[in-house]
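**Student:** Can you keep this structure in mind? I'll have questions shortly.
The values are calculated or read from the model by the stated rules, or taken from the named source; none is laboratory data. None of these values were measured; they are calculated from a predicted model. Note: ideal-geometry Cβ built from the backbone for every residue, glycine included; neighbour counts use all protein chains shown.
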Amino acid sequence: MKQLTRHALRCLLPGKKRKPRALWGQTGVAAWALGWLWPALALAVFYSQGWQTLRVAQAVIQYRTVDERVALQIGRWYRQAQPRFEKFYGPIQIKPFRIVVSSPLAFRKMMAQAGLPEWVQAVFLSQERTILVKSPREEGNMDQLAQDFVHELAHLYTLDCYGNTSVPVWYNEGFSEYLSQGQISIHQAIVLANALWSKRLIPLMAMEDLMHFNHNEAQLAYLEALSAVRYLEQLFPPDFSWPKFHALVATKGWKQTLQQATGLDEVDFQVKWYQHIRNRYRWMILLNLENFLWFGLLFVFVVIFLLIRRRNRKRLRLWELEEQVFPDEWEL
Ligand SMILES: [Zn+2]
């Protein structure tokens, strides 16, 4: 099962206030007043003893000694991502930021205290300019961590590219998925087809409530967001590119840029995207293993039926021939 992760705090916790708990003391109350209580909790971890620091380009990576291998690898992923990201965002100057490799236990505690769903495996704290990832030392693996980290890094780039410009959650998440995954796999195409046939597709606009989704809903929502961003790219005019799109969003805003890039407003874009999903993924339902077994079984029954019918016809013809060669009177 795919581990779901990721999302920018900026888009996932829009303006949410949380009640202070006495246990958290003055620091917690102050953070709550700003609406950022749980980042404060996350940052409290930094001041514990035993943390190591690694500097890579604009990033400071903080980690426990036991996670040194993970931290070094994250540094490599960051360096690899830089030139690739510039192709999508253009030559933007990223401000300094921090990456924290948290222990699984501390990460789970922070997510629980922040009221975030269990499927969250990494977050980008925009106010703190911090990417918080969970060490895979107990669960998960490096491949998944790589995807999660690049996804959150994309949120950081998007923030530095757009500033305070607001974009829909489906686009923010979908573009991060696009940079961390790129393609839609056969398995994911089947998931989309299943959702389409069972009428479970989630409207793109409903992703504003992503933090209230359960694991399966969130998994589907991220996939839909990825497909929507890929479809958006297909609608670009020939003279359009991602850096141009981002630059326009930063200066003219989301709605005007979407209209200029696709000729559609938000509602029409969603309608066209839904048609695109229908046309492109509808028949992937046949590749669903369960359906495949049923179709296979049906095929076997049809073949057996045809073979029996053929054998019976042969027998009938044989009997007719026998009757012609040996008429009834011969039996007397
Ligand atoms: Zn995200």
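**Student:** For segment 207-234, give me the residue count where each residue is within 16 Å of the ligand (Cβ to nearest atom) and more than 14 Å from the chain's Cα centre (by Cα).
**Tutor:** 3
**Student:** Quick check, is VAL120 in a loop (DSSP other than H, G, I, E, B), within 12 Å of the ligand (Cβ to nearest atom) and in the same structural domain as VAL70 (by TED's automatic domain parsing)?
**Tutor:** Spelling it out, VAL120 is indeed in a loop (DSSP other than H, G, I, E, B), within 12 Å of the ligand (Cβ to nearest atom) and in the same structural domain as VAL70 (by TED's automatic domain parsing).
**Student:** Next question, about the same structure. Quick test of your reading of the structure: HIS151 fulfils all but one of (1) in a helix (DSSP H, G or I); (2) over 22 Å from LEU179 (Cα atoms). Name the failing condition by number.
**Tutor:** (2)
**Student:** Another question, if that's okay. Is it the case that some residue within segment 71-87 is part of a helix (DSSP H, G or I), at pLDDT 95 or above and of a type in the set (Val, Ile, Thr)?
**Tutor:** Looking through segment 71-87, at least one residue is part of a helix (DSSP H, G or I), at pLDDT 95 or above and of a type in the set (Val, Ile, Thr).
**Student:** Taking into account only those residues within segment 166-183 that are at pLDDT below 90 and farther than 24 Å from SER102 by Cβ, which is farthest from the ligand (Cβ to nearest atom)?
**Tutor:** GLN183
**Student:** Within segment 98-128, take every residue that is of a type in the set (D, E, K, R) and at pLDDT below 95 and give me the one that is surrounded by the most Cβ atoms within 10 Å (Cβ to Cβ).
**Tutor:** Checking each candidate, the answer is GLU128.
**Student:** Listed residues HIS212, HIS155; which is of a type outside the set (Phe, Trp, Tyr), at pLDDT 90 or above and not assigned by TED's automatic domain parsing to the domain that holds LEU232?
**Tutor:** Among HIS212, HIS155, only HIS155 is of a type outside the set (Phe, Trp, Tyr), at pLDDT 90 or above and not assigned by TED's automatic domain parsing to the domain that holds LEU232.
**Student:** I would also like to ask the following. ARG98: more than 16 Å from the ligand (Cβ to nearest atom) and in a strand (DSSP E or B), yes or no?
**Tutor:** Here the answer is yes, as ARG98 does meet what is asked.
**Student:** State whether one or more residues within segment 222-231 are among the aromatic types (Phe, Trp, Tyr), buried (at least 18 other Cβ atoms within 10 Å of the Cβ) and either over 20 Å from TRP273 (Cα atoms) or outside the structural domain of ARG129 (by TED's automatic domain parsing) (or both).
**Tutor:** yes
**Student:** In segment 193-202, is there at least one residue being β-branched (Val, Ile, Thr), assigned to a helix (DSSP H, G or I) and at pLDDT below 95?
**Tutor:** So far as segment 193-202 goes, no, none of its residues is β-branched (Val, Ile, Thr), assigned to a helix (DSSP H, G or I) and at pLDDT below 95.
**Student:** Conditions: (1) more than 30 Å from ARG79 (Cβ to Cβ); (2) in a strand (DSSP E or B). LEU220 meets all but one. Number of the miss?
**Tutor:** The one condition LEU220 does not meet is (2).
**Student:** To continue, here is another question. Exactly one condition in (1) within 11 Å of the chain's Cα centre (by Cα); (2) within 16 Å of the ligand (Cβ to nearest atom) is not met by GLN188; state its number.
**Tutor:** (2)
**Student:** If a residue has to be over 20 Å from VAL169 (Cβ atoms) and assigned to a helix (DSSP H, G or I) to count, how many in segment 236-251 make the cut?
**Tutor:** Residues flagged as over 20 Å from VAL169 (Cβ atoms) and assigned to a helix (DSSP H, G or I) within segment 236-251 amount to 4.
**Student:** A follow-up question, please. I'm trying to understand the selection: among the residues of segment 133-157, which are farther than 14 Å from TYR78 by Cα and either within 15 Å of the ligand (Cβ to nearest atom) or buried (at least 24 other Cβ atoms within 10 Å of the Cβ) (or both)?
**Tutor:** Of everything in segment 133-157, those that are farther than 14 Å from TYR78 by Cα and either within 15 Å of the ligand (Cβ to nearest atom) or buried (at least 24 other Cβ atoms within 10 Å of the Cβ) (or both) turn out to be LYS134, GLN144.
**Student:** Restricting attention to segment 53-70, report how many residues are assigned to a strand (DSSP E or B), free of Cβ contacts under 8 Å to residues at least 40 places away in the same chain and either of a type in the set (A, V, I, L, M, F, W, C) or surrounded by fewer than 14 Cβ atoms within 10 Å (Cβ to Cβ) (or both).
**Tutor:** 5
**Student:** If you check GLN144 against the conditions, is it modelled with pLDDT under 90 and either part of a helix (DSSP H, G or I) or touching a helix residue (DSSP H, G or I) at 6+ places or on another chain (Cβ under 9 Å) (or both)?
**Tutor:** In short, no.
**Student:** Consider LEU258 carefully, then state whether it is under 22 Å from the mean Cα position of the chain (by Cα), crowded, with 16+ Cβ neighbours inside 10 Å and assigned to a helix (DSSP H, G or I).
**Tutor:** yes
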